[in-house]
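Comments concern the structure below.
The values are calculated or read from the model by the stated rules, or taken from the named source; none is laboratory data. Since the model is a prediction, treat every value here as computed from it, not as a measurement. As a convention, Cβ positions derive from the backbone with ideal geometry for all residues, glycine included, and neighbour counts pool all protein chains shown. Ligands, DNA and RNA are stripped out before the accessible areas are found, and what is left, the full protein with its side chains, is counted by its heavy atoms. Shrake-Rupley method; radii C 1.70, N 1.55, O 1.52, S 1.80 Å.
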Amino acid sequence: MAGLIWPGAAPAQLEPTHLDRGAVGLGLALRRLGTTARVLYVTAHPDDEHNGVLVRLARGRGLRTALFTLTRGEGGQNEVGPELFDALGVLRTEELLAVHRHDGVEQLFGNAYEFGYSYSVEESFARWGKEETLGDVVGAVRAFRPDVILTLGLDAQAGGLHHQAAARLAVLAFRAAADPARFPEQIRDGLRPWQARKVYQGGVGGSSFTGAGAAVAEPTGDYDPLLGMSPQELGSRARTAHRSQRVRHLFVRPGPASGTYSLVDSEPVVRWPEADILQGIDASLAGLARFAGAEAPSSVELGEPLRGLQGEADAARASFDAQAPGKSAGPVAAYLARVRQARADLRARGAPADILERLDDEEGDAMAALALAHGFDGEAVTEDPLVVPGQRVVVGTRLWNQGTAPLAVEEWRLEAASGWAVERLEGAEAPLAPGQTASARFALTVAPQARPTQPYWHKDPARDRNVLDVPACRSLPFCPPVARMVVSFRSGETSALLSRPVLWRGQGAAGGEAQAELNVVPALDVRMTPAVLVAAGRAPLTLTVTVVNNRPGPAAARVRVVSPAGWRAEPPDAPLSFRREGETLATRFSLRGPARPPPGALAVGALAELEGRSHGEGAQVVAYPHVQERRLYRPASARLLVLPVAVRPRVSAGYVMGTGDDVPAALAQLGVPVTLLDADALAFGDLRRFTTIVLGVRAYERADVRANQGRLMAYVERGGNLVVQYNRVDFNFAGRPPLRLPDPLPDSPFAPYPAAVSGRRVTDETAPVKSLLPAHPLLTTPNVLDGADWEGWVQERGLQFLDARDARYRNLLSMRDPFPLNADEHEGALVEATVGRGTWTYVGFGLFRQLPAGVPGAYRLLANLVR
């Protein structure tokens, strides 16, 4: 890590929204001029933030605001698709960036991995590494250098104790960041100690106030004419980007609202009461003189040029006219020139780096405002969204002047990552008259050793932290785009820069129009299915290797399976002849093992050879209409489970998909004939042909499942076996659940007898499991479940347990967490009831998570459920 310079916070924008365009964009950009304070908001997960407060700070007050999130939310549930673990972290990272397209906030991340819901701060620290995670926060504070730190409540319990852990770390970082003896490796890597002025707790997350002083409110309910609503209303709309967390738009009515915080620590000591989180901090340009150190010129000497500069900033802001944005061009250009002059003057006087860096912010803000005042913008669009190392791709660029004054384009170029080549094909710099557009084309040649575009981190397999593959991108959401257009333009006598990433626009993987940064991909994309192979007998196993040609034009390759010792793939390899870029070919292999393979887990891999180079990774594409597409590369491999598992004879299963789970593939691996049931099959199909019907995770969120509840229960009464995997509170209500849930929860209209799905769970995946009815067929037939079957589970033991309120239910298992906050013995993870001639079974184990992870006991339990 030696020599690494931590990056500053990166803007979230891919393409500007209406809040960063036109007169509204100009008005909001002008608010940033002459406002030098910074606020860092520290939380544990995506969605912990107070969105109204973020809008108020960044859009309303023009403050440079960053959100630092300890984790990327990898351990949560996914309400929109199949992504779990690291892929879910990628999706939730993108969802935060989608939020910030509205609130204008910058995003930073720590390296803690969310291992699931936690009832213990100590568990969080032990699994993340308290000192290392504190180092993440300290590094962010030293890099961003905020005046004020906001965080969650120190005694917050709602949503798990990761929130408390984040708050404690933020408070510790307040002092630790100023101590050069703490995390000295950061100092060697280019960071400087930093003492923020104040740290507050509160906002959201089940907070109550334990700080020394009274609460201070950040108002979010006042109408903002540029936003067209209050910060609270816009924050609520921005928050809907957290779709994987089931966040829905709350119709916030105009009226008083606020985020409330209490002071935890300050330097120097703050005297109460306070009316504002910035009270006592001069956020003007003249206030930058406070950074004058003992060896620097006096604050009086430095303050003189800064006070004059503040007047220019005030004049630029006062020039705003929504009907005539061009009126601001002259004042903003004059201010930009004065910022540069003042910075050069202060640098010559030996001003501290913190003053010069905040003037760098002012320069960037002024250049953005100047482009908006002129109605000047541009784009860079590639003809090919995916490029391989060594490929040449053409990029078309356009500039347009929608203002009322001519502009001079001084330089027009593409910048690309190290090792890439850039060639101008056509177009040149020229003046742009009002209403005029200009075009230029460039050719980009990808570096031969370019890394595929993917997350720069991966989970450490030995602990709950992420490892950085590209340390230079530390703390950023993703590494910066590999290529961007940079234009130097002149307004009067003042030059400024406009920068836009190279994008692709077209039909997205999730349907509809999409846009994404230019992505580098390997020449061949190799994937193996299924992800888990279950060997329970001597029959050969079947696997499929799918290869995508990402190179332009035809390609000839060979694909082979890399088998574990004692196992043999047939055929040994297979040729693949691609005719074009993007073509997908698949080959099926049989895998045979020894006569009596020992139980255990083995790895099977696949390699595709092309021109002497092996390719063994494939992309999981994370694509939804509300986020930018991202690719996460995984080895082309499968987990081979050799385990004693039996299935009852002559069983068959109908499966109703819930929200993105792989349970049907697991049933097929067990040898159970499985049929997916759609809405038509539920309403009109012959359900009696299945010995078991399994409802997928949260299936009762589907309208067709609710509508056909009568048919499902009639199937059970006639002798069928209905298995209901875990649901959430929707299960307890015939319609949509209310925003404020009643206590106790009502009996579910979808359970056969009085019962409700609760919020109870056991989070420790190693928690002992006690059999309450050891001889029950679900625990004995055809597989006798014992202690070994509860070993190796991931993330949690169970969740959303059933609160069975009728003696006709049979609770089969109980378990408890080792944490004081959840020390009760919990039942409800596996509950059965006889209904007519059939059975109804509720499963509160997260099979959707355990089966793809290859947990042997989860497969044996699943086999017992199908009868």
Summed side-chain charge close to E410 - residues other than E410 whose Cβ falls under 13 Å, Lys, Arg +1, Asp, Glu -1: -1
Average projection area in nm² (convex hull over Cα atoms of the stretch 570-634, one quarter of hull surface): 7.5 nm²
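Mind giving me the FRET efficiency for Y753 and A275? R0 is 35 Å, r the Cβ-Cβ distance, nearest 0.05 is fine. Display every interim value, and only then the final one.
Details: r = 57 Å, r/R0 = 1.62.
That pair, Y753 with A275, gives E of 0.05.
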Solvent-accessible heavy-atom area per residue, rounded to whole Å², over the chain at 1.4 Å: 39 Å²
MRE, 222 nm, helices only [DSSP H, n ≥ 4, -39500 (n - 2.57), over the chain, to nearest 500]: -6500 deg cm²/dmol
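Mean Kyte-Doolittle of at least 0.5 plus a Cα span of 15 Å or more along the axis: flag which DSSP H helices in the chain meet both, please. Walk me through the intermediate numbers first.
On the way: long enough: 85-103 (27 Å, -0.03); 130-144 (21 Å, 0.16); 162-176 (21 Å, 0.43); 299-318 (27 Å, -0.36); 329-348 (29 Å, 0.02); 353-374 (32 Å, -0.01).
For the chain, where a helix must reach 15 Å along its axis and average at least 0.5, there are no hits.
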Candidate aspartates and glutamates - alpha carbon under 15 Å from K459, same-chain residues fewer than 8 apart omitted: E74, D86, E114, E132, D469
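Taking Cα atoms of the stretch 235-293, Rg/Rh with Kirkwood Rh, to two decimals? Write out the running numbers ahead of the final one.
On the way: Rg = 18.1 Å, Rh = 15.6 Å.
Taking Rg over the Kirkwood Rh, I get 1.16.
Could you give the C-alpha radius of gyration of the stretch 31-174 expressed as a fraction of 2.2 N^0.38 Å, taking N as the number of residues it contains?
Numbers: Rg = 14.8 Å, N = 144, 2.2 N^0.38 = 14.5 Å.
Compared with the compact-globule rule of thumb, the stretch 31-174 sits at 1.02.
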Cα centroid separation, the stretch 300-357 to the stretch 72-127 (Å): 39 Å
Zero-based 10 Å bins, Cα pair distances in the stretch 736-841, whole percents: 13, 41, 34, 11, 1
Of the trypsin sites (Lys or Arg not before Pro) in the stretch 488-566, those whose Cβ has at most 15 other Cβ within 10 Å and which sit in DSSP loop: R538
Label-point separation, R596 to E185 (7 Å along Cα→Cβ), nm: 5.0 nm
Segment R441-V562, length gained on full extension (0.36 nm per residue, minus Cα span): 39.1 nm
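I need to check one value: relative contact order of the stretch 596-659, counting alpha carbon pairs closer than 8 Å and at least 6 residues apart, in percent. Mind dumping the intermediate values first?
Numbers: 69 pairs, mean separation 23.7, N = 64.
RCO, the stretch 596-659: 37 percent.
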Net charge contributed by nearby residues that have their C-beta within less than 9 Å of T453 (K/R +1, D/E -1): +2
Compactness of the stretch 400-495, expressed as Rg and Dmax over alpha-carbon positions, Å: 19.4, 61
Cβ-derived FRET efficiency at R0 30 Å, A217 paired with D314, nearest 0.05: 0.65
Loop GluC sites (Glu not before Pro), the stretch 362-428, which have at most 15 other Cβ atoms in a 10 Å radius of their Cβ (DSSP): E383
Under 15 Å from the D680 label point (7 Å along Cα→beta-carbon), backbone N, the stretch 686-711: 686
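Any idea what the alpha-carbon Rg over 2.2 N^0.38 Å comes to for the stretch 543-603?
Values: Rg = 14.8 Å, N = 61, 2.2 N^0.38 = 10.5 Å.
It is 1.41.
Normalised by the number of residues in the stretch 469-624, what is the relative contact order in percent for Cα pairs under 8 Å and 6+ residues apart? Write down the numbers at each step before the final one.
Working: 272 pairs, mean separation 33.4, N = 156.
Relative contact order here is 21 percent.
If Rh is defined by the Kirkwood formula over all Cα pairs and Rg also comes from Cα, what ratio Rg/Rh do you get for the stretch 90-148?
Details: Rg = 13.8 Å, Rh = 13.4 Å.
Using Cα coordinates only, the ratio equals 1.03.
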Tail weight of P(r) past 44 Å, computed on alpha-carbon pairs of the chain, percent: 36 percent
Pairwise centroid distance, computed over Cα atoms, of the stretch 607-678 with the stretch 476-538, Å: 25 Å
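Counting only Cα atoms, I'd like the Rg/Rh figure for the stretch 347-441, Kirkwood definition for Rh. Please list the in-between numbers first.
Values: Rg = 17.6 Å, Rh = 16.2 Å.
Radius of gyration relative to Kirkwood radius: 1.09.
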Accessible surface of the chain, 1.4 Å probe, proportion on carbon and sulfur as whole %: 53 percent
Label-point separation, T260 to E609 (7 Å along Cα→Cβ), nm: 7.0 nm
Normalised contact order of the chain, rounded percent, pairs of Cα under 8 Å and 6 or more residues apart: 10 percent
For the stretch 523-671, convex hull of alpha carbons as volume per residue, Å³: 142 Å³
